[in-house]
Amino acid sequence: MGKASRDKRDIYYRKAKEEGWRARSAFKLLQIDEEFNIFEGVKRIVDLCAAPGSWSQVLSRKLYLPGKLSPGSSDKNDLPLIVAIDLQPMAPIEGVIQVQGDITNARTAEVVIRHFDGCKADLVVCDGAPDVTGLHDMDEFVQSQLILANGSYLVMQI
Ligand SMILES: C[S@@+](CC[C@H](N)C(=O)[O-])C[C@H]1O[C@@H](n2cnc3c(N)ncnc32)[C@H](O)[C@@H]1O
C-alpha cells in the first residue's frame with residue numbers, strides 16, 4: 001500500500017481533514033493539554049518549528065479566539081500573544097504572529113522577545129527536529145535559556 005492510501009486510512013488524518021487542522025499532529029498538542037493542562041493562564045506563547053501550522057492553529061483556537069470572541073472582552077491587551085517560528089513561510093492564522101527564521105539563532109529569540117515587549121514566554125512548544133548537538137539535556141537547556149521565563153512550560157519533541 002502506498003503512503004498516500006495509508007495516510008487516508010489513518011483515523012487522525014481523516015479527523016484532521018474534517019476539523020480543518022493543517023496536520024494531524026494537532027491532536028498531539030490537544031492530548032498533551034488534556035493531560036497536563038498546559039494552556040491555563042498562559043499569555044505569551046511560542047511555537048517553534050511551526051509550519052505548516054497545526055500547533056499554531058491549536059494555540060489560536062484554544063487561547064486567542066475564545067478571548068477575542070468572549071462578550072466581555074474589549075481590551076486587546078488581554079489577548080494572548082502567540083509567536084510562531086519556522087524556516088518556511090506558512091499561511092496566516094488568526095492571532096498568530098509569524099516569524100520566518102532559524103530557532104537555533106539567538107537573533108530569532110530576540111525578535112520573539114521584542115514581540116513580547118521584553119518579557120519572556122510562559123509556554124514554548126516545539127514539534128520540530130532541528131539540527132542540534134544530539135545531547136538532549138544540553139539542547140533542551142540551551143533552547144529553554146533563549147526564551148523561557150521562570151515557572152513556564154516547555155513542550156518539545158526530542
Ligand atoms: C514536523 S514539522 C512541524 C509541524 C508543526 N508543528 C505543525 O503542527 O504543523 C517540523 C518543522 O520544523 C521546521 N524546522 C526545522 N529546523 C528548524 C530550525 N532550525 N528553525 C526553524 N524551523 C525549523 C521545518 O521547517 C518544519 O516545518
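Candidates Gln88, Gln100, Gln57: the one that is crowded, with 20+ Cβ neighbours inside 10 Å, within 12 Å of the ligand (Cβ to nearest atom) and of a type in the set (S, T, N, Q) is Gln57. Annotation: of all residues in segment 10-38 being open to solvent by 20 Å² or more (accessible area, probe 1.4 Å) and in a loop (DSSP other than H, G, I, E, B), the one that is nearest to Gly118 (Cα to Cα) is Asn37.
A Cβ distance below 8 Å, combined with a sequence gap of six or more or placement on separate chains, defines the contacts here; from segment 23-35, residues that are touching a residue at least 12 places away in the same chain (Cβ under 8 Å) reach residues that are away from the ligand (no atom under 13 Å from the Cβ) and part of a loop (DSSP other than H, G, I, E, B) in the pairs Arg24/Asp10; Ile32/Ile38; Asp33/Phe39. Screening Cys119 with (1) outside any strand (DSSP E or B); (2) without any contact (Cβ under 8 Å) to a residue 60 or more places away in the chain gives one miss only, at (2).
The residue of segment 49-101 that is farthest from the chain's Cα centre (by Cα), among those that are more than 19 Å from Ala26 (Cβ to Cβ) and of a type in the set (Ser, Thr, Tyr), is Ser74.
Of the residues that make up segment 123-134, is at least one under 24 Å from Asp33 (Cα atoms), open to solvent by less than 70 Å² (accessible area, probe 1.4 Å), at pLDDT 90 or above and not aliphatic (A, V, I, L, M)? No, that holds for no residue. When the residues of segment 60-72 are filtered to those that are of a type outside the set (Lys, Arg) and out of contact with any Pro (no Cβ under 9 Å at 6 or more places or on another chain), the one that is surrounded by the most Cβ atoms within 10 Å (Cβ to Cβ) is Ser60.
Checked against (1) at pLDDT 95 or above; (2) over 20 Å from Val155 (Cβ atoms), Leu69 passes all but a single condition, namely (1).
The values are calculated or read from the model by the stated rules, or taken from the named source; none is laboratory data. No experiment lies behind these values; they were computed from the predicted model shown. Cβ atoms come from the backbone with ideal geometry, glycine included; neighbour counts cover every protein chain shown. Areas reflect the complete protein model, heavy atoms only, side chains present, ligands, DNA and RNA absent. Shrake-Rupley method; radii C 1.70, N 1.55, O 1.52, S 1.80 Å.
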